[in-house]
Structure formats: C-alpha cells, structure tokens
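The numbers here are math on the coordinates, done by the rules we state, and not lab data. This one's a predicted model, so the numbers in the text were calculated from it and none came from an experiment. Here the Cβ positions follow ideal geometry from the backbone for every residue, glycine too, while neighbour counts run over all protein chains shown.
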Amino acid sequence: MRSATLVVLGLLACGCGHSPSTREARTSLVITAVSPPSGSKVVVPAQYPFNEIGGVVLPPQSGLISVTVSLEIADEVPWAQLYVYLLSGSDYCGQNLPDAPTWGFLPAGWATTYTVTGFQVYNLPCDVTGVQAFFHTRNNGLLIPPTPAETIAQATAPASFQIRR
C-alpha cells in the first residue's frame, strides 16, 4: 500500500505546474471585425475637406470605418507599428495614417486587441474590396506596405463597401 501511495504522489508531483490550459505564445495578427458591413456605402461628411490630391482624412473616432485586430507575439520586439490598408482591386485606396499605433519594448507573449478608426483615403470614390493589416518593425517613415523582412505578422480580410462624397 505504501508503494502505491508513493507512485500516486510521484504522478501528482510530475503534473504540478502544468495545466492543459497553458499555451505557448505564438505570433499572429487576426482581423476580427470590419465595419461597415459588406454592401454599404460610406458617405464622407462635408466637414471632412478634400486635400489637394483628391483624398480625405477620416479622423479617429469618426464612426465611418473601423477595423479591429488581435495581435500576439512569441518573441520580444523592441518596437512595432500597425498599418492597415483599404484594398481596392490589386492596389490600395486608403491607410490608417491618422491612427497607426506604435508600441515599444514588447515582451515575449505580449498580446492586445486594437480597433483602427482613422483613415486617410487617397481618392474618392473608393470601392474597398478588402482590408490588409501589417504588424511590422520598420521605423523609417515609409508609408508603403512593409517588406517581408520588416513584417512580424500580416492578415487580409475580404470587405466590400464604397467610400464616396
């Protein structure tokens, strides 16, 4: 009986500190929500003026467009930024320039959810066919999509709405 108790205690000791719900950190970017819904038309209010190249800035919290992403990293990252592009066919017609968050000194296992609500739309009308997000380490001011070497994670989601005046 004594040896059976020792075996049970040994098995219990091996399981200590480990639970089935413990998971390893992974690197991911998931687009969890896009608004407005497919088939919608976003009409830009007159209070948002056109700029000289024919576009318009939709300020954060304007309530016109939003993209929610969940981010998670497996390894430590000294600095990172989130770029979200509004795709139009094989090109893009907007970017989250007034709402492109940055983070510094991210530890391994860091995770967050962020909703982008500000966009610069380059031309109107814009027929949005998708949303593409990049979590990247480029810190040089370039606004084009980052290279694969600069990208921590990326995701694309379908969308179908029009932005117009």
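What is the chain's relative contact order, in percent, from Cα pairs under 8 angstrom and six or more apart in sequence?
28
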Taking 7 Å along the Cα-to-C-beta vector as the label spot, tell me the D127-L142 distance in nanometres, rounded to one decimal.
3.0
Enter the per residue convex hull volume of segment 72-165, computed from alpha-carbon coordinates, in Å³ rounded to the nearest integer.
100
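Roughly speaking, what % of Cα-Cα pairs in the chain are separated by over 23 Å, rounded to a whole number?
Details: 6401 of 13530 pairs.
I get 47 percent for the Cα pairs in the chain exceeding 23 Å.
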On a 0 to 90° scale, report how tilted helix 2-15 is relative to the longest principal axis of the chain, with both axes built from alpha carbons and the result rounded to the nearest 10.
20
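Quick one: V43, V34, fewest Cβ neighbours within 10 Å first, how do they rank?
V43, V34
Rank by packing, highest mean first: peptides 80-89, 111-120, with packing defined as the count of other Cβ atoms within 10 Å averaged across residues. The partial results should precede the final answer.
Working: 80-89: 21.1, 111-120: 18.1.
Going by the mean number of other Cβ atoms within 10 Å, highest first, we get 80-89, 111-120.
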Within segment 85-103, backbone nitrogen closer than 12 Å to the virtual label 7 Å beyond the Cα of S70 toward Cβ
none
Based solely on its DSSP helices, what 222 nm [θ] is calculated for the chain when runs of n ≥ 4 H residues each add -39,500 (n - 2.57) and the sum is averaged over all residues, nearest 500 deg cm²/dmol?
-2500 deg cm²/dmol
